[in-house]
Amino acid sequence: TGAITLDPGYKNSGSCQSAITFLDGEQGILRYRGYSIEQLAEHSNFLEVAYLIIFGELPSNDQIVKFENDIRKYSIVNEEMKGIIDGFPKTAHPMGVLSSLTSALTAFNPKVVDAECEKDMYEAVCKTMAKFLVIATWTYRKAKGLPLNYYDNTQPYVDSFMRMMFTLPTEPYDLDPVVRNAIDKLFILHADHEQNCSTSTVRMVGSSHAGLFASISAGVSALWGPLHGGANQAVLEMLEEIQKDGGDVTKFIEKAKDKNDPFRLMGFGHRVYKNFDPRARIIKKAANEVLSKLGVDDPVLAIAKELEAKALEDKYFVDRHLYPNVDFYSGIIYRALGIPTEMFTVMFAIGRLPGWIAQWKEMRINKEPIGRPRQLYVGAPLREFVPMEKR
Ligand code: CMC
């Protein structure tokens with residue numbers, strides 16, 4: 001079998017070839033299918049970017065209208081799914097519920113998706129984009145003890161999401177364009193990020209030829225952790241803690257530098273970006289705009305800015321190339337838009353969904369072999385079995 005190269009965390013190993021996302025960590029460049037995220041965030045919308053990421057090209061007007069209509073067509077979630085959600089305690093974290101419900105979708109949609117059949121794949125994409133959005137809002141409605149809503153076929157994708165989250169179909173509804181644009185932008189910025197932990201998980205699970213929903217459910221679980229998508233919730237909780245503690249950011253910076261303390265500055269550092277995270281730059285600017293347009297004065301934004309400024313001039317963070325990442329400012333916008341803190345990582349998951357789908361599809365079309373890393377064994381050498389009475 002030859003010598004095994006040890007690379008914990010796959011810091012230097014490429015696991016696949018991919019034509020979806022280009023990332024240059026030194027220069028802080030991120031592109032989906034060749035288009036810069038700066039341009040996409042400025043001029044596009046989430047559904048269009050989802051189409052681009054999954055199918056490879058920006059859609060024509062006819063294609064995007066059809067895509068949106070087809071998503072609506074598949075938005076019904078089986079009534080039995082409500083029984084499943086009822087079994088969870090109200091206190092369950094929405095990410096745990098989302099992962100379970102995504103997996104449960106397999107039971108109600110058992111058809112095996114043939115990634116190489118265009119029609120099959122297109123149908124699976126529309127189904128996933130629709131049903132995942134609905135159950136994502138259900139995780140929140142359940143936690144709040146509110147009735148579960150259905151997809152609103154009269155509204156665009158993002159508007160339908162906000163309606164399902166916050167209002168009953170009988171109530172009047174008119175989404176503020178500032179809110180819609182901010183959510184669109186955040187979803188776009190999260191839509192793919194090449195072989196990150198959750199995406200690698202989706203590809204790994206799918207490489208055993210497990211289905212699309214099962215693979216995505218595993219991706220949701222991977223995203224949940226605080227070192228990955230769970231960081232956005234952790235950032236806001238950290239900022240609130242700093243605020244409650246009197247607002248001394250230096251104290252928390254010193255804590256993060258202390259190697260005997262497990263605390264890290266949440267929303268700081270990245271495996272690949274070593275100069276800046278381009279998504280964080282766009283989100284920081286958007287946070288300022290959204291808060292001022294909505295007339296929200298959130299003291300936590302001032303704390304975040306001070307924390308960033310102080311950390312960026314601290315030798316520890318400079319030496320290790322630690323900069324704010326995508327999760328650092330996103331929570332501040334979510335909060336201004338009325339999204340509760342425990343839903344932040346679910347928002348990330350909705351945004352990342354097109355990436356997971358596209359990567360699963362690419363992995364299957366490229367006929368990648370089953371993911372199966374090797375190891376270096378460091379356990380006991382061969383020894384004789386010891387009978388119970390002699391142990
Ligand atoms: N606060 C304090 N020290 C840090 C931090 C931090 N946030 N991040 C890294 N370090 C230190 C780390 O202790 C290590 O120091 P030393 O060389 O002295 O041992 C050095 O920087 C390198 O860190 P690492 O853990 O080896 O780097 P990694 O590439 O394995 O981890 C990371 C990357 C993102 C998991 C890590 O930076 C981290 O834990 N950040 C906080 C959590 C976070 O914000 N995650 C979101 C990531 S971006 C979006 C996403 O993926 O969802």
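When each of 127, 142 is tested for being modelled with pLDDT of 95 or more, among the charged types (D, E, K, R) and not in a loop (DSSP other than H, G, I, E, B), the lone residue that passes is 127. For region 178-204, the tally of residues that are within 12 Å of residue 45 (Cβ to Cβ) and polar (S, T, N, Q) stands at 1.
Just one of the numbered conditions (1) over 30 Å from residue 115 (Cα atoms); (2) surrounded by fewer than 21 Cβ atoms within 10 Å (Cβ to Cβ); (3) near the ligand (Cβ under 10 Å from one of its atoms) is not true of residue 248: (3). Yes or no: residue 58 touching a residue at least 12 places away in the same chain (Cβ under 8 Å) and either open to solvent by 30 Å² or more (accessible area, probe 1.4 Å) or not in a helix (DSSP H, G or I) (or both)? When the stated conditions are applied, residue 58 passes them. In the set (1) touching a residue at least 60 places away in the same chain (Cβ under 8 Å); (2) open to solvent by 30 Å² or more (accessible area, probe 1.4 Å); (3) aliphatic (A, V, I, L, M), residue 353 fails one condition alone, (2). Exactly one residue among 254, 240 is away from the ligand (no atom under 12 Å from the Cβ) and either over 26 Å from the mean Cα position of the chain (by Cα) or not polar (S, T, N, Q) (or both), and that residue is 240. Within region 206-216, how many residues turn out to be surrounded by fewer than 22 Cβ atoms within 10 Å (Cβ to Cβ) and at negative phi? Number of matching residues: 5. Within region 274-284, being part of a loop (DSSP other than H, G, I, E, B) and buried (at least 20 other Cβ atoms within 10 Å of the Cβ) holds for one residue alone: 277. Are there any pairs, at least 6 apart or on different chains, whose C-beta atoms fall under 7 Å, with the first in region 190-203 and free of Cβ contacts under 8 Å to residues at least 24 places away in the same chain and open to solvent by 10 Å² or more (accessible area, probe 1.4 Å) and the second of a type in the set (Gly, Ala, Ser) and within 11 Å of the ligand (Cβ to nearest atom), and if so, which? Pairs that qualify, where the first residue is free of Cβ contacts under 8 Å to residues at least 24 places away in the same chain and open to solvent by 10 Å² or more (accessible area, probe 1.4 Å) and the partner is of a type in the set (Gly, Ala, Ser) and within 11 Å of the ligand (Cβ to nearest atom), are 201/222. Only a single criterion out of (1) within 30 Å of residue 30 (Cα to Cα); (2) modelled with pLDDT of 95 or more; (3) among the β-branched types (Val, Ile, Thr) is not satisfied by residue 97, namely (1). Suppose the filter is among the β-branched types (Val, Ile, Thr) and open to solvent by 10 Å² or more (accessible area, probe 1.4 Å); does residue 345 pass it? Judged against the criteria, residue 345 is not a match. Taking region 217-237 as the range and being open to solvent by 60 Å² or more (accessible area, probe 1.4 Å) and within 9 Å of the ligand (Cβ to nearest atom) as the test, the residues that pass are 226, 227. Counted as qualifying within region 314-375 are the helices (runs of 4 or more DSSP H) with 3 or more residues that are closer than 23 Å to residue 218 by Cβ and more than 14 Å from the ligand (Cβ to nearest atom), namely 344-365.
When the test is whether a residue is outside any helix (DSSP H, G or I) and within 29 Å of residue 341 (Cβ to Cβ), residue 92 passes it.
Could you say whether any residue in region 294-304 is in contact with a Phe, Trp or Tyr (Cβ under 7 Å, 6 or more places away or on another chain), within 12 Å of the ligand (Cβ to nearest atom) and either part of a helix (DSSP H, G or I) or more than 27 Å from residue 12 (Cα to Cα) (or both)? No. Close Cβ contacts (under 7 Å, 6 or more residues apart or on different chains) running from residues in region 37-50 that are without any contact (Cβ under 8 Å) to a residue 24 or more places away in the chain to residues that are open to solvent by 10 Å² or more (accessible area, probe 1.4 Å) and of a type outside the set (Phe, Trp, Tyr) comprise 48/58; 48/59; 48/64. If you go through region 285-302 and keep only what is surrounded by fewer than 22 Cβ atoms within 10 Å (Cβ to Cβ) and within 19 Å of residue 243 (Cβ to Cβ), you end up with 288, 291, 296, 297, 298, 299, 300, 301, 302. Scanning region 108-136 for residues that are over 17 Å from the mean Cα position of the chain (by Cα) and among the charged types (D, E, K, R), we see that the one that is surrounded by the most Cβ atoms within 10 Å (Cβ to Cβ) is 127.
The values are calculated or read from the model by the stated rules, or taken from the named source; none is laboratory data. Note that the coordinates shown come from a computational prediction; the quantities given were computed from them, not determined experimentally. Cβ sites come from the backbone with ideal geometry, for glycine too, and all protein chains shown count toward neighbours. When the accessible area is computed, the model is the full protein with side chains, heavy atoms only, and any ligands, DNA or RNA have been set aside. Shrake-Rupley method; radii C 1.70, N 1.55, O 1.52, S 1.80 Å.
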